[in-house]
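**Student:** Dropping a structure here in structure tokens format, bear with me for questions.
Laboratory data are not the source of any read-out in this text; all were calculated from the coordinates shown. Note that the structure is a prediction, hence the values are computed from the model and not measured. Here the Cβ is made from the backbone with ideal geometry for all residues, glycine too, and neighbour counts use every protein chain on show.
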Amino acid sequence: MDEVLKDSLLLKVLENVSDGAYCIDPERKILYWNERSEQITGYHEKEVLGTRCWDNILKHVDDRGTELCLNRCPLVKAMGERNVQKAEVFLHHRDGYRLPVVVVGIPVVNEAGEVVGAIELFRERTERSFLESEVRELRKLAFVDELTGVLNRRGLEYYLKMKLNEVDRFKRIIAVLFIDVDKFKQINDHYGHDVGDKVLRFVAMTLKKNVRASDLVAGVGGDEFVAVLELKEDQEVVEVAERLRTLISESFIVENGEIIRVTASVGGVVVKEHRDMNEILKLATSYSMRARRKVGMIAL
């Protein structure tokens with residue numbers, strides 16, 4: 001693989017593609033890491049080269065939380081089957097959260113016909129949310145929580161009222177999910193508030209990055225979050241809620257060599273007709289408290 005990477009044309013292509021790109025040898029050691037990879041994952045080249053993807057770096061998982069680096073890695077499959085592999089996975093960002101990406105694994109074969117490594121190309125598959133396009137205006141209105149970067153309670157109340165009006169006007173279905181981080185006080189007490197803040201940020205970003213552009217995420221106090229989802233049918237809310245809960249549990253930060261994870265309880269209300277906003281939030285909170293480390297749901 002080292003010989004392949006001496007090809008200046010290949011390196012020029014990889015450095016200028018719009019995707020993240022990295023190269024591994026047959027032992028899955030990372031030999032090349034382009035600038036776009038740094039931008040997407042937060043990991044700098046010097047932190048990555050010479051490591052393996054399962055070394056608490058990318059650690060791809062699927063939507064069920066299965067660690068693909070241990071068994072079903074697209075790059076391993078590409079090298080083993082000698083063909084291009086494509087998959088939708090969730091990588092681990094340097095800041096701890098889970099980021100949805102599309103990956104393409106390409107086997108690299110030398111002139112003797114031997115597989116000498118593989119190249120992975122990857123890109124984000126989340127639509128950019130309105131928060132990212134209008135963040136300055138939202139900050140002027142004091143609608144953004146400065147710690148986590150998602151909506152605060154004031155922003156949630158403003159946009160949830162709009163969503164509830166759309167339920168009546170356009171006959172839409174929405175779900176309001178209440179997400180409570182389990183045993184967060186123990187994190188603060190054991191590791192300190194700086195680590196606690198990092199945990200809240202990776203939970204917030206995992207939620208924000210894994211909902212659609214039309215959905216909302218807000219922090220409503222301490223270790224509690226609310227997500228407002230637009231639904232095509234009410235049955236899909238449990239699948240979405242379970243995926244978010246799983247991705248939170250598979251997010252992590254590393255502090256002094258120790259991996260720190262959290263779990264979350266999720267409760268929700270499916271809304272098909274206009275209801276009082278405070279009643280909805282109260283019900284969603286209630287079902288979250290009953291559903292420790294799982295999903296509790298009610299339809300209105």
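**Student:** Find, among the chymotrypsin sites (Phe, Trp or Tyr not before Pro) in region 16-58, those assigned to loop by DSSP (not H, G, I, E, B) with at most 15 other beta-carbon atoms within 10 angstrom.
**Tutor:** When the chymotrypsin sites (Phe, Trp or Tyr not before Pro) of region 16-58 are filtered for loop state and at most 15 Cβ neighbours within 10 Å, Trp54 remain.
**Student:** Using alpha-carbon pairs under 8 Å, 6+ residues apart, how would you state the relative contact order of the chain in percent?
**Tutor:** For the chain, the relative contact order is 16 percent.
**Student:** Let me ask something additional. Could you pull out the GluC sites (Glu not before Pro) across region 22-117 that fall in loop regions by DSSP (anything but H, G, I, E, B) with no more than 16 other Cβ atoms inside 10 Å?
**Tutor:** Filter output for region 22-117: Glu27, Glu111, Glu114.
**Student:** Here's something else I'd like to know. With a cap of 10 neighbouring Cβ atoms within 10 Å, and only residues DSSP puts in a loop, list the GluC sites (Glu not before Pro) found in region 182-246.
**Tutor:** Sparse-neighbourhood loop GluC sites (Glu not before Pro): Glu233.
**Student:** At 18 angstrom or more along the helix axis (alpha-carbon based) and mean Kyte-Doolittle of 0.0 or higher, what helices does the chain contain? Whole DSSP H runs only.
**Tutor:** 236-249
**Student:** Given a Förster distance of 22 Å, report the FRET efficiency between Arg52 and Ala112 from their Cβ-Cβ distance, rounded to the nearest 0.05.
**Tutor:** Computed FRET efficiency for Arg52 and Ala112 comes out at 0.30.
**Student:** If you don't mind, there's one more thing I want to ask. Please state, rounded to one decimal and in Å, the Kirkwood hydrodynamic radius that region 4-124 gives when every pair of distinct Cα atoms enters the mean of 1/r.
**Tutor:** Over region 4-124, the inverse of the mean reciprocal pair distance is 14.3 Å.
**Student:** Tell me the label only: which of (1) 0.99; (2) 0.95; (3) 1.10 is Cα Rg over 2.2 N^0.38 Å as calculated from this structure?
**Tutor:** Matching the structure shown: (3).
**Student:** Still on this structure: Relative contact order of region 4-124: what whole-number percent is it, with Cα pairs under 8 angstrom and at least 6 residues apart?
**Tutor:** Contact order relative to length: 24 percent.
**Student:** Something else about it: What number, rounded to the nearest 500 deg cm²/dmol, is the helix-based mean residue ellipticity at 222 nm of the chain, given -39500 (n - 2.57) per DSSP H run of at least four residues and division by all its residues?
**Tutor:** Computed mean residue ellipticity for the chain: -10500 deg cm²/dmol.
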